[in-house]
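To start, the structure under review is shown below, and the notes come after it.
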Amino acid sequence: MFSLFDGAEVIKGVAVLWKVMLPGALFTLVFFLVLRLPGTELWAKLRLAQLRLMWRILCGIFVLLVVGCGLVAVVTERIRFFEEATVLSTVAAFWHGQALYPSTQAPVEYGLLYGPVTYFMYLPPMMGGALRLWGYEAWALGALGGTFLLLFLALRRKFGVSVALGSAALLAANVARFTGNEWAIKADVWILLFSALSFWASSRLQSWTAACVIAVAGAMLVDLKATLLLIALLPFVLLWQRERSARVPVVVFALLLPLLALLPFSLPGVSLSNYVRLLLEYKSHATSARVLAINTQMTLIIFLPTFTLLWAAMSVAPRTACSWIRERSAYLVILIVACVVATVTGAKEGGGPWHCVVLVIPSLFVDAELWRLAAPTELPSLFQNPRRFAPILGVSLALFVTGLKLLAGGVKERLYDQPGDTPVSMRDVENDLLAISQRYPGETIQMGYSDRAHFNLTNVRPILYVRGNPLFVDPQARNEADVIGKPISPEVLNALARCKIQLWVIPKGAEPFSMESMYWLDPTVDRKGMEAALYPANFRQTFFEHYREIQQTSRYFNVWACQNTDASAAHG
C-alpha cells in the first residue's frame, strides 16, 4: 500500500505546478494593474482583425517550432529511448518471419508490451527498403505533423481558424512537455495520430463513414495500447450527439470495434495468448506512489485550460454553461474515467506521465466548446471584463512560456546532454556496422552489449535485423524481465551454448555484457529481486565459454565468433 499524501511528493508537485503557473500569475497581476491606468480605453479601439492575426501567427510559430524540433531527431539520428531500437529490431524480426510475441519456451528473448499496431506502423518504411535510422525518425515525425493537421481541420469549420490554431498550439505545448517522446519510434506518436483521426471523423464526415473511420481508428488505438478503449469510444459519443441519424451507425460500429481490434492477432506470428501474458506480467509491476503523483500532476496541467475556461464560462453565462455540462455529461464522465485509467495504469515502474498525453486531444474538444461559451463577441468586452479574461490570458501565457522553455531544454538534451554516452556520429557507427555485416555474408550476426557508457552505439542494431539476421536477445526485454524478477530462460542459455548466433558485435571499451540494468541504476525503483547486471552471470559465463574475440578492423566494435564451429577457425 502507498499513500498519495506523501509529504515530499505533494510539496514537489505543488512546486512544479506553481512553476508552470508563475508566468501566468505575473501576467494576470500586470494586466489588472494596467487596466486601472488612465487611457486604457484606447485598447478597445484596436482592431479585432489585427489581434486575431497576431494570435494566429504566434500559435502557428509555436507549432512549427515543435515540429521543427522533431527534425533534430531525424538529422542527428540521436535515439534517446531504450524502446526505439527495440521496436525497430522486433519489426524487422517479424518482417523476416519471427514471432512478434515469442512464447516462454522459445529460445529467444525480445519484444515489449506494445500492441501489434505499434510494430505494424513501422513496416511501410521497412518494406520500402529503409535501412538507416533517419528514415524511421522521419516517418514518425510525419505522423506527428499529420496529427496537427487533423486537429486543425477538425476544429476549423465549427470553431474558426483562431480556435483551431490555439488548440494546435496547446497540443504543441503538451508535446514539448516530453520533447522527443512524442516523435520517437514508439507508440506515442501513433496514439496521437489515430486519436486526432477519430475526432476529425466525428466532426467532418457523414454518419456512416464517420462511424466506420472512428471504429477503425479506435481499433488501432486499442491495438496500440489496450487501456485506450475509453478514449476510442469518446468520438462515438460526439457523433451520437451530433445528429440523430448517426445513432444506428454508432451502435453498429461501436460493437464492431472489439472485433476489429482482434484482427491483427489472426496474422501468423501474432499470438494473442502471448500478448495477454505480457500484459499480465506488466500488471505485476509495482504501482509507484512517486510516478502516480507525477502522472496526477501532468493530468492537472493538461486540464488547466479546461478548468480556466469552465470558470470563465460559468461567470459569463452560468445557465448556458450548466446546460452544456448536462448535454456533454456522458462525454465528460467517460473522459474523467479515462483520466483515472491513464494516470493509474501509467504509474508502474518504467511508466511515467507521457501515458497521460492520450488525454490531450479529447480535452481540446472540450476546451474549444468552452471557449465558444466564454469568449466575448466583441473586442471591447474583452477589456471591460478583466476579471473574466485575465485568468484565461494568464494560463495561455503560462503554457506558452513553459512550452518554449521545455522545448529548448529538449533540444539541448537531444543534441548535447547525453551523460555516460560516447559522443559519436551515429552515421559513422551505422557505416561501421554495415561494413562488419558485409564482411561476413551468410553468417548470423547479433548485436551484443558492453557497458552503459557505450550502450548508445547499439542503437544502430536494427540494421542487422533489417538485413535478415535473426533477433536472439534484446536488452530492453531483459530490462523489463529484470524488474519483475524474471530469470533468463534455460532455452535461451542452451541456444547460446549451441551457437545459434555465429558472430556477436560488441561495442569497444568494456567487457562484453558488463552493463547494469537500467532499473537497477534508478534509485527510485524497488530493487527487491533484481540483479545489478542486465545479463546474469550464467549468461555471461556461457558466452565466454563458447565465444572468443577475433581479429578484425572496426572503429567502434569488437567481433566475437563461436568456437564450436569450423568456420570460427577461418576468422583467425
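Structure summary
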| item | result |
| --- | --- |
| Some residue of the stretch 304-314 being under 23 Å from S198 (Cβ atoms) and surrounded by fewer than 21 Cβ atoms within 10 Å (Cβ to Cβ) | yes |
| Wholly enclosed strands (runs of 3 or more DSSP E) of the stretch 476-572 bearing at least 3 residues modelled with pLDDT of 90 or more and buried (at least 16 other Cβ atoms within 10 Å of the Cβ) | 503-507, 557-562 |
| Selection within the stretch 302-352 - in a helix (DSSP H, G or I) and closer than 30 Å to S517 by Cβ | V341, A342, T343, V344, T345 |
| For S162: the one exception among (1) among the polar types (S, T, N, Q); (2) part of a helix (DSSP H, G or I); (3) at pLDDT 90 or above | (3) |
| Matching residues in the stretch 75-89 - criterion: being at pLDDT below 80, open to solvent by less than 20 Å² (accessible area, probe 1.4 Å) and in a helix (DSSP H, G or I) | none |
| Subset of the stretch 440-468 that is aliphatic (A, V, I, L, M) and part of a strand (DSSP E or B) - its residue that is farthest from the chain's Cα centre (by Cα) | I445 |
| S207 vs. criteria open to solvent by 10 Å² or more (accessible area, probe 1.4 Å) and under 26 Å from V344 (Cα atoms) | no |
| Meets criteria (of a type in the set (V, I, T) and farther than 24 Å from G166 by Cα) for V291 | yes |
| Any chance S103 is surrounded by 18 or more Cβ atoms within 10 Å (Cβ to Cβ) and either at pLDDT below 90 or over 29 Å from S198 (Cα atoms) (or both) | no |
| Number of the condition not met by S195 [criteria: (1) among the hydroxyl-bearing types (S, T, Y); (2) more than 24 Å from V74 (Cβ to Cβ); (3) in contact (Cβ under 8 Å) with a residue 60 or more places away in the chain] | (2) |
| Residue among G129, G145, G111, G135 that is small (G, A, S), in a loop (DSSP other than H, G, I, E, B) and over 21 Å from A481 (Cα atoms) | G129 |
| Exclusive hit being open to solvent by less than 30 Å² (accessible area, probe 1.4 Å) and at pLDDT 95 or above, set A176, A196, A184 | A196 |
| Condition met for I463 (open to solvent by less than 30 Å² (accessible area, probe 1.4 Å), closer than 23 Å to Y119 by Cβ and hydrophobic (A, V, I, L, M, F, W, C)) | yes |
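The values are calculated or read from the model by the stated rules, or taken from the named source; none is laboratory data. Owing to the predicted nature of the structure, the values given are computational and were not obtained by experimental measurement. A quick note on method: Cβ atoms are made from the backbone with ideal geometry, for glycine too, and the neighbour counts reach across all protein chains shown. Surface accessibility is based on the protein's heavy atoms, side chains included, excluding ligands, DNA and RNA. Shrake-Rupley method; radii C 1.70, N 1.55, O 1.52, S 1.80 Å.
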